[in-house]
Ligand SMILES: [Zn+2]
Ligand SMILES: [Zn+2]
């Protein structure tokens, strides 16, 4: 994912890249191509890059454990400057100082890191996912189970017995 910047004219330039997850060094679970669209604006002081990245990841729902393919889409921006003093003007995570002879910038590391940062920690297959029954493990999205009225353990059975005995004695 390289952009030739040596001799690039001032103004706005657009690029797009399609990269396999393997080429980018992403972990297994990313299988679809990573699509990156870039707008690069060159001025006398800097190159300002804005990128939008989209791909998918294979994940498991945190609630119902069903595997699904989660779409991922986000953007990031980066300033490439030649002077350290220019770098101080922007967020350190969004600036790189280029050495004077730089003719090429490579986006691979930034795109990989952005994908990993944008990857959510929690995955839910759909907002109203009902999850698994904590007792029988049935996927409640596929239908309800009969667990609702069954007591957690036998303690309540004994209590009921006692109550029955009492009412029998009373009667
Ligand atoms: Zn789910
Ligand atoms: Zn159940």
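The values are calculated or read from the model by the stated rules, or taken from the named source; none is laboratory data. Keep in mind the model is a prediction, meaning the values are calculated, not measured. Quick reminder, even Gly has a Cβ in these numbers, built from the backbone with ideal geometry, and neighbours come from all protein chains shown.
Table for the structure above
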| quantity | calculated |
| --- | --- |
| Odd one out for residue 106 among (1) in the same structural domain as residue 17 (by TED's automatic domain parsing); (2) surrounded by 12 or more Cβ atoms within 10 Å (Cβ to Cβ); (3) at pLDDT 90 or above | (2) |
| Residues (assigned to a strand (DSSP E or B), surrounded by fewer than 16 Cβ atoms within 10 Å (Cβ to Cβ) and away from ligand 1 (no atom under 16 Å from the Cβ)) located in region 38-60 | 39, 41, 50, 52 |
| In region 135-147, the residues that are farther than 12 Å from residue 66 by Cβ and surrounded by 10 or more Cβ atoms within 10 Å (Cβ to Cβ) | 135, 136, 137, 138, 144, 145, 146, 147 |
| So residue 63, is it more than 16 Å from ligand 1 (Cβ to nearest atom) and assigned to a loop (DSSP other than H, G, I, E, B) | no |
| Any chance residue 26 is more than 18 Å from residue 122 (Cβ to Cβ), surrounded by 20 or more Cβ atoms within 10 Å (Cβ to Cβ) and at pLDDT below 95 | yes |
| Qualifying residue in region 118-126 (condition: without any contact (Cβ under 8 Å) to a residue 40 or more places away in the chain, exposed (fewer than 10 other Cβ atoms within 10 Å of the Cβ) and under 17 Å from residue 5 (Cβ atoms)) | no |
| Of all residues making up region 83-101, the number that are surrounded by 15 or more Cβ atoms within 10 Å (Cβ to Cβ) and modelled with pLDDT under 90 | 3 |
| Out of 130, 112, 63, sole residue that is touching a residue at least 60 places away in the same chain (Cβ under 8 Å), touching a helix residue (DSSP H, G or I) at 6+ places or on another chain (Cβ under 6 Å) and more than 30 Å from residue 10 (Cβ to Cβ) | 130 |
| Test: residue in region 70-79 that is away from ligand 2 (no atom under 16 Å from the Cβ) and over 21 Å from the mean Cα position of the chain (by Cα) | yes |
| Residues located in region 1-17, provided they are without any contact (Cβ under 8 Å) to a residue 60 or more places away in the chain, in a strand (DSSP E or B) and surrounded by 12 or more Cβ atoms within 10 Å (Cβ to Cβ) | 13, 15 |
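Residues checked against (1) within 16 Å of ligand 1 (Cβ to nearest atom); (2) part of a loop (DSSP other than H, G, I, E, B); (3) in contact with a strand residue (DSSP E or B) (Cβ under 9 Å, 6 or more places away or on another chain):
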position: 100; (1), (2), (3): no, yes, no
position: 117; (1), (2), (3): no, no, yes
position: 123; (1), (2), (3): yes, yes, yes
position: 127; (1), (2), (3): yes, yes, no
position: 134; (1), (2), (3): yes, yes, no
